[in-house]
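Step one of this worksheet: look at the structure below.
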Amino acid sequence: MFWISVVLLFALNGCYGYQPKFTEPIGNITVPVGREAMFTCYVHSLGGYRVGWVKADTKAIQAIHDHVITHNSRVSVSHTDDSTWNLHIKNVQEEDRGQYMCQINTDPMISQMGYLDVVIPPDIIYEDTSGDVMVPEGGTVKLTCRAKGYPKPHVLWRREDGREIVIKDASSTKTKVTTYQGEVLRLTKVSRSEMGAYLCIGSNGVPPSVSKRITVSVHFHPVISSPSQLVGAPKGTEVKLECNVEAFPKSINYWVRESGDMVITSDKYQTNSTIKSIFEDQMVLTIKSVEKYDLGSYRCIAKNSLGEVESNIRLYEIRGSDENEEDDIGDLSDLYSELYTETHHVYGGGGGGRSGGIGGNGVGDYRNRTKHRHHTDAHPPTPSPSASSRLVPPFYRTFEYL
């Protein structure tokens, strides 16, 4: 009977003779949504006691020793020996965020806690974010970009082409910035140079950041210019006529002879259009082997839904170097007396009436056709020093009159 009592005493001391204790804190964990989280509880001298896991804020028991109690299939437990106990949460969701308690069923109970923080990468809230916008030149644009995530994302704006964003205050003072912070970007008195793609970028320190591309289109009627309105070339040579066009929506660009015939690419003529930017084009008409028939006026015309504009270029013959230079001067003076610049705007709009203005709601069949003659004197003056002919070496030469 004595020996039986001794055996029972040792057995009881083996189970409960030494109080277990935690050897290390659990620690806090930060995990992106969708990943796996694991808490580890380190225990010394567990003996016959049991380890349990509880979600502290809801008091929901997760597991006791080797057995999972919760109905959450994403939760499991493991241990390597009696000193290392793990709680696993797979495919972590936002609702898993909170305090988790590791406890041992001593009397009184001992426990320690760790916090699980579930972070969520940013995402654009498309229903609250602006789409592509169109605005007339001089108008106002309000761009909005909302993003969600945890922690709450901040929104940054920049232009896709790297150019500066122009911010104007109530007094029209301009501030140029490469980036702009805030969910709302307001562009006032918009100019054509502000046209293009704007990126709103949401970030909160949790990769990856997210962005949305918003295109701002600035509409305006065509504007056209030519580097030289008087171009000379000897017979048999090649000459190029140039016009620069600005328009949005993109304009239809073409060349017309003074007879009214449209110039079409052929063995004689070659028409090219080069895109310089989203709203700029360069028109080039190449005339091969210039003949007398090719001399005269050429009109470059640009037309879009908001209007039509044209510029006039006159092609004249440059005589050989063996001819009298005074004759050339006389001929050139005659050309200047005939040269004019013609601008022709057609503004489309609703209604059939006429209006004296350009802006406002659609204007009827309004036309403004103006011819500016350089000289109206009976005897044309000698061309000014700024007058020049646009020539291509080696056959062309530029006349300057002092």
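Observations on the structure shown:
- Looking only at the stretch 195-206, and only at residues there that are at negative phi and part of a strand (DSSP E or B), the one that is surrounded by the fewest Cβ atoms within 10 Å (Cβ to Cβ): ALA197
- Entirely in the stretch 112-164, the strands (runs of 3 or more DSSP E) that have 1 or more residues that are surrounded by 19 or more Cβ atoms within 10 Å (Cβ to Cβ): 141-144, 147-150, 154-159
- Hits in the stretch 130-164 (condition: among the basic types (Lys, Arg) and more than 30 Å from VAL118 (Cα to Cα)): LYS142, ARG159, ARG163
- Evaluated against (1) at pLDDT 95 or above; (2) more than 16 Å from the chain's Cα centre (by Cα), LYS168 falls short on exactly one condition, (1).
- The lone exception for TYR198 - which of (1) free of Cβ contacts under 8 Å to residues at least 40 places away in the same chain; (2) within 30 Å of LEU156 (Cβ to Cβ) it fails: (1)
- Residue check for ALA60: touching a residue at least 24 places away in the same chain (Cβ under 8 Å) and open to solvent by less than 60 Å² (accessible area, probe 1.4 Å): no
- Residue count, the stretch 66-80 (criterion: open to solvent by less than 50 Å² (accessible area, probe 1.4 Å) and part of a strand (DSSP E or B)): 4
- Only one of the numbered conditions (1) closer than 30 Å to THR70 by Cα; (2) of a type outside the set (Ser, Thr, Tyr); (3) surrounded by 13 or more Cβ atoms within 10 Å (Cβ to Cβ) is violated by LYS189, and that is (1).
- Within the stretch 81-105, the residues that satisfy the criterion of being closer than 15 Å to ALA63 by Cβ and part of a strand (DSSP E or B) are THR84, TRP85, ASN86, LEU87, HIS88, ILE89, TYR100, MET101, CYS102, GLN103, ILE104.
- Residue in the stretch 40-47 that is in a loop (DSSP other than H, G, I, E, B), within 23 Å of PRO207 (Cα to Cα), touching a helix residue (DSSP H, G or I) at 6+ places or on another chain (Cβ under 9 Å) and open to solvent by 30 Å² or more (accessible area, probe 1.4 Å) present: no
- When the stretch 2-39 is limited to residues that are over 17 Å from SER111 (Cα atoms), at pLDDT 95 or above and not in a strand (DSSP E or B), the one that is most open to solvent (accessible area, probe 1.4 Å) turns out to be ARG35.
The values are calculated or read from the model by the stated rules, or taken from the named source; none is laboratory data. Quick caveat: nothing in here was measured; it's all calculated off a predicted structure. Neighbour counts are summed over all protein chains in view; Cβ atoms, including those assigned to glycine, are modelled from backbone coordinates with ideal geometry. The accessibility values were calculated without ligands, DNA or RNA, using every heavy atom of the protein model including side chains. Shrake-Rupley method; radii C 1.70, N 1.55, O 1.52, S 1.80 Å.
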